[in-house]
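Chemist: This is the structure I want to talk about, given as C-alpha cells.
Rule-based calculations on the coordinates, nothing more; no lab input. These numbers come from a predicted model, not from an experiment. Note that we place each Cβ from the backbone using ideal geometry, even for glycine, and neighbour counts take in every protein chain shown.
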Amino acid sequence: MIAANRTRRATLKARARTHRAAAKIRRQGVATLATHCIAAGLTPREARTVAGSLRKNAEKAGVTGTPSVSYTHGRARQCTRYTPAEVARIAVIYRPRKPAYRTAAARLALAA
C-alpha cells in the first residue's frame with residue numbers, strides 16, 4: 001500500500017472512532033471510562049491504560065458511577081458507566097506523566 005494512503009486511512013479511522021465514541025456519550029448520557037478516553041482522542045490501547053488509572057482515582061473523587069452491563073464479542077461483562085461531569089471530577093485528580101495522557105486528561109476535565 002502507498003504510504004500516503006496508509007496515513008490517510010489511519011487518520012480517518014482514528015477520527016471516526018473518536019466521533020463515534022463522542023456521539024454515543026451525547027446520545028446515552030453515560031459511558032464507560034474507556035469510551036470517554038476514546039472520545040478524548042486516545043487509541044483503544046491507551047484508553048484502557050488511562051481508564052484503569054481513572055478508575056483508581058474515582059474513589060478519591062467520591063464518584064461511584066452507574067453499574068451496568070457491557071456486551072462485547074458475544075459476552076456480557078459488568079462495568080460502571082459515568083456521566084461527563086463525573087469523569088471531569090475524576091480527571092481533575094488524575095496526574096499523568098505522558099504528554100498524550102496529559103492532553104487527554106485536560107480534554108476529559110473540560111468535557112463537562
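Chemist: Just report the Cα centroid separation between the range 94-112 and the range 1-50, whole Å.
Modeler: Centre-to-centre (Cα) distance: 15 Å.
Chemist: Under a plain spin-label model, where a point goes 7 Å from the Cα along Cα-to-Cβ, how far apart in nm are residue 5 and residue 57?
Modeler: The answer from the label model is 4.2 nm.
Chemist: Percent relative contact order of the chain, based on C-alpha pairs within less than 8 angstrom and at least six residues apart?
Modeler: Reported relative contact order: 24 percent.
Chemist: Still on this model: Please list 3J(HN,Hα) in residue order for the range 105-112, calculated via the Karplus relation 6.51 cos²θ - 1.76 cosθ + 1.60 where θ = phi - 60°; whole Hz, with x for glycine and proline.
Modeler: So the Karplus estimates, Gly and Pro as x, are 5, 5, 5, 5, 5, 8, 5, 7 Hz.
Chemist: Related question: Using only DSSP helix segments of four residues or longer, with each worth -39500 (n - 2.57), what per-residue ellipticity at 222 nm results for the chain after dividing by its residue count and rounding to 500?
Modeler: -21000 deg cm²/dmol
Chemist: So, one more: Please list, in chain and number order, the residues 5+ apart from residue 81 or on another chain whose amide H is under 5 Å from its amide H, with Hs placed from the backbone.
Modeler: Those qualifying (amide H under 5 Å, at least 5 residues apart or on another chain) are 66, 68.
Chemist: Which of 18, 32, 64 moves the most in a Gaussian network model of the chain with Cα springs under 10 Å?
Modeler: 64
Chemist: Still on this structure: Measure off 7 Å from each Cα along the Cα-to-Cβ vector at residue 106 and residue 23, then give the distance between these two points in nanometres to one decimal.
Modeler: The modelled label-to-label distance comes out at 2.8 nm.
Chemist: First obtain the Kirkwood hydrodynamic radius of the range 3-110 from its Cα pairs, then insert it into the Stokes-Einstein equation at 20 °C and 1.002 mPa s, and state the resulting D in µm² per second as a whole number. Don't skip to the answer; put the middle values down first.
Modeler: Values: Rh = 14.3 Å.
Diffusion coefficient, whole number: 150 µm²/s.
Chemist: Hey, another quick one. Charges on Cβ only, +1 for Lys and Arg, -1 for Asp and Glu, centred on the Cα centroid of the range 3-110; of 85, 3, 19, which one is farthest towards the dipole's positive end?
Modeler: Selected residue: 3.
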